[in-house]
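Heads up, the thing below is written out as structure tokens.
The values are calculated or read from the model by the stated rules, or taken from the named source; none is laboratory data. It should be emphasised that the depicted structure is a prediction, and the values quoted were computed from it without experimental measurement. All Cβ positions, even for glycine, are placed from backbone atoms using ideal geometry, and neighbour counts span all protein chains on display. Accessible surface areas use protein heavy atoms only, side chains included; no ligands, DNA or RNA. Shrake-Rupley method; radii C 1.70, N 1.55, O 1.52, S 1.80 Å.
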Amino acid sequence: MKNVLIFTFIGLLFIGCKPEEKRTDYIINGKAEGVYNGVRSYLKTVQKNGFERTIDTAIVVDEKFTFTGKVPYPTRSSISINSVNGKFNFMLENSVIDITINKANITQSEITGSSSQNDYERYQEAFSATHNETVSLRMQLRNNRSNRALAMRDSITRLAQLAQKKLQEFPLNFIKNNKSSFYSLAVIETESAKNNANIDELFTAFNNLDSELKTSPKGVSLKVELENLLAAYKKKAPVNIGQIAPNFTAPTPDGNTVSLDDIKGKVTIIDFWAAWCGPCRRENPNVVKIYNKYHDQGLEIIGVSLDGSRAQKNPKQTWINAIEKDKLTWTQVSNLQYFQDPVAQLYNIRAIPATFILDAEGKIVAKNLRGYALEAKVKELLDQ
């Protein structure tokens with residue numbers, strides 16, 4: 001009997017010392033002092049486009065609310081309450097998470113239990129500090145415009161440029177320095193959705209993450225998205241700002257052919273438009289004014305028409321009529337193939353009007369400027 005008790009005791013020790021299994025679901029215990037019974041709270045996840053999707057609701061009872069569920073990986077989320085202004089952003093993961101709502105300022109609510117939350121808060125605090133430094137230096141520049149403060153202004157300008165560079169590089173530097181953080185995946189997702197995203201650098205940063213992150217469900221899906229974005233990015237790369245504009249040859253209304261290289265000036269505008277495009281036709285008078293004002297100083301324009309849609313009975317004549325009516329006296333070309341036009345394909349045109357502004361070397365220095373902004377850029381380049 002004594003031996004039985006000993007083995008039973010040893011067995012209990014082994015059971016008691018068994019490592020705790022990792023949670024496969026989450027429990028959010030919310031405390032909401034001052035919030036009345038019956039008020040509804042919402043748990044939302046942040047989608048890759050920045051929009052939020054409600055995944056659960058809970059009623060506040062005795063100043064408390066609870067959410068339970070499961071997420072495949074740590075996810076950017078938020079909690080909002082009907083009677084409380086704003087929302088509380090946090091990282092949701094499969095663990096026991098305690099949140100104490102600050103009714104006066106929900107963004108200052110307290111949270112424990114989410115390990116990825118620490119990385120989220122660290123990122124937000126450091127990014128805000130860098131952003132505030134940049135804004136402060138810009139303010140100092142505005143306050144030191146007099147010639148007497150020239151030396152000081154130059155010094156502040158250099159500091160402002162460095163701060164701006166630091167701000168731009170902040171997301172990538174965070175990813176590089178946090179290769180095992182799930183929040184790095186969230187940063188990559190957020191940055192890759194921006195219009196000016198450098199997908200090549202983001203994809204490199206992703207590939208340098210720990211294998212556990214890359215092989216996670218989130219990592220696998222994000223890799224597919226990045227591969228698609230990278231393919232599109234490489235397609236657009238030849239016509240990005242800073243690149244030499246690709247040369248092309250296309251027919252003129254009289255049937256001759258002309259190339260971009262044939263007509264380049266000190267400043268050159270490639271203007272994608274069409275007779276059927278209302279916004280293009282409304283912008284044409286402004287382009288005519290700019291051309292007439294600056295052509296003698298070295299401005300050249302080549303118009304590329306995307307006429308040729310199925311709705312046009314005689315696209316070539318419609319194109320010629322529009323040229324005459326709008327008084328477009330500069331070089332005009334078109335293959336009359338609508339958006340399948342080879343030149344439009346080369347320049348990755350998805351909508352018109354679209355403009356590319358080239359400097360004297362044929363380098364793309366700006367895109368899609370209209371009105372005063374277009375004239376200002378032309379004048380700036382001609383004055384150089």
Show Arg281, Arg158, Arg122 ordered by accessible area, largest first, where the area counts protein heavy atoms only and the probe is 1.4 Å.
Arg158, Arg122, Arg281
Under 15 Å from Lys31, Cα to Cα: aspartates and glutamates that are on another chain or at least 8 residues apart:
Asp62, Glu63, Asp98, Glu110
Can you pull the percent of the chain's accessible area that's carbon plus sulfur, 1.4 Å probe, other chains left in place?
51
Could you work out the longest stretch of the chain that avoids the chymotrypsin sites (Phe, Trp or Tyr not before Pro) located in DSSP loops with at most 12 other Cβ atoms within 10 Å?
52-384
Find which of Leu299, Gly362, Thr318 sits farthest along the positive direction of the dipole of segment 280-384, computed with +1 on the beta-carbon of Lys and Arg, -1 on that of Asp and Glu, about the Cα centre.
Thr318
When only C-alpha pairs under 8 Å and at least 6 residues apart count, what is the relative contact order of segment 64-150, in percent?
19
Alpha-carbon centroids, segment 122-138 and segment 25-79: separation in whole Å:
29
Roll a 1.4 Å probe over the protein chains and send me the accessible area per residue for the chain in Å².
57
So which of Lys165/Lys214; Lys48/Lys236; Lys179/Lys235 end up more than 24 Å apart, counting from Cα to Cα?
Lys165/Lys214; Lys179/Lys235
Filter the chain for me: DSSP H helices, axial length by Cα at least 24 angstrom, mean Kyte-Doolittle hydropathy not below -1.0. List them by residue number.
150-177, 217-236
Normalising by the residue count of the chain, find the relative contact order in percent from Cα pairs under 8 Å and 6+ residues apart.
11
Cα to Cα, under 14 Å, and not fewer than 8 places away if on the same chain: which aspartates and glutamates meet these conditions relative to Lys266?
Asp296, Glu300, Asp359, Glu361, Glu380, Asp383
